[in-house]
1. Per residue of the stretch 84-91, what does 6.51 cos²θ - 1.76 cosθ + 1.60 with θ = phi - 60° give for ³J(HN,Hα)? Whole Hz please, x for Gly and Pro, Karplus curve as stated.
2. Among 277, 209, rank each residue by its count of other Cβ atoms within 10 Å, from fewest to most, as a rough exposure measure.
3. Residue 208's amide H: which non-local residues (gap 5+, or another chain) put their own amide H closer than 5 Å, with H modeled 1.01 Å from N in plane and none for Pro or chain starts?
4. If the chain between residue 94 and residue 295 were fully stretched, how many nm would it gain, using 0.36 nm times the residue separation less the Cα-Cα distance?
5. So who's got an amide H within less than 5 Å of the one on residue 137, skipping anything under 5 residues away but keeping other chains? H placed 1.01 Å off N, in plane.
6. If we count other beta carbons within 10 Å of each Cβ, what is the order of 120, 157, fewest first?
7. Answer rounded, prolate or oblate for the stretch 69-112, using the Cα gyration tensor with square roots of eigenvalues a ≥ b ≥ c: rounded when a/c is under 1.5, else prolate when a/b is larger than b/c, else oblate.
Amino acid sequence: MSHHSHIPPEVDEAIRGFIRRNKRALRRLLPVLLVAVLAALGLGAWALWRGAAALGRWGLGEAAGLRVPIAWERPLGDAALAQLRGQMRFVTEARATEALKRLAAPLQASALLKGERITVFLVDTPAVNALALPGGYVVVYRGLVERAGSASEVQGVLAHEIAHVVKRHAVGQLASNLGLEVLLQQVLTGENRALDRLIGGSGQLLTLKFSRDQERAADDLAWELLVAAGIDPGGLGRFFAALAGPGVEKEPGAAPLAELLRTHPAPAERLERLRQKGEASAPLAGYRSYEADLSALKGAR
């Protein structure tokens, strides 16, 4: 059966007649119509790309940590922790965990956290690294503890990671990475499926690289946390400067050392900024010492 059988004969004849009478004009119009179609397709693709970029910047971008429901953060952190537990051994020995808690306690008590509950973990791996995860989780690698030259250096890194938690940088970065996909899930299938998609991508939280602006913001809040707690804030800069210093890549264990610098880049500009903050701030009469706690942490297994 002809695919034109549903068209009335008089209409079919009228169409054919119009084409015969205007064949030359239609041939001249064909390139114009083709260009118009291609332009429309190009404009549509450009609009879709711009829309996706805008969603990343404004809808689920850097500020997305404030737009993703707070209630979603704990499940996201739990999912990331579960994946990390499958890769590394979490230290549970009381001497080590209590020493780490004592190092973190004065930072956790700060009013600057605005009620944010922070839980710290220690993982037994030689890599020099630390992670800030949604839900108030901070994970410290044993290699970082062993590398530190003073308690204030460990506390500086702790304050920096706590600042990432408070600023909600991790969840914002994850939402930005999955932005359009998560938004479509939310619109088309509801919030539960959107949360499921974020949880499905939570493994990215273990390898996120923060932007320079995020690192500066974390440095600034960390500095405030340390000063408020009576801890030498210069420890943060000294720790990163030691990692970024000449000859580091030639030291034993150089490969693990690079991990923290990959996720927390410390360019010369950032180190100079920390140095200037130290010079500009009035020194305290005396910083509190937590060296005994660091020794206990290093000695525990």
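Read-outs: derived from the displayed coordinates by stated rules, not from any lab. These figures come from a predicted structure and were not determined experimentally. Neighbour counts are summed over all protein chains in view; Cβ atoms, including those assigned to glycine, are modelled from backbone coordinates with ideal geometry.
1. 5, 4, x, 9, 9, 8, 7, 6
2. Working: 277 17, 209 11.
Fewest-to-most Cβ neighbours within 10 Å comes out as 209, 277.
3. Correct list: empty.
4. Values: separation 201, 0.36 × 201 = 72.36 nm, distance 1.43 nm.
Between residue 94 and residue 295, full extension yields an extra 70.9 nm.
5. Amide H neighbours of residue 137: 119.
6. Numbers: 120 21, 157 26.
Going from least to most buried by this count: 120, 157.
7. oblate
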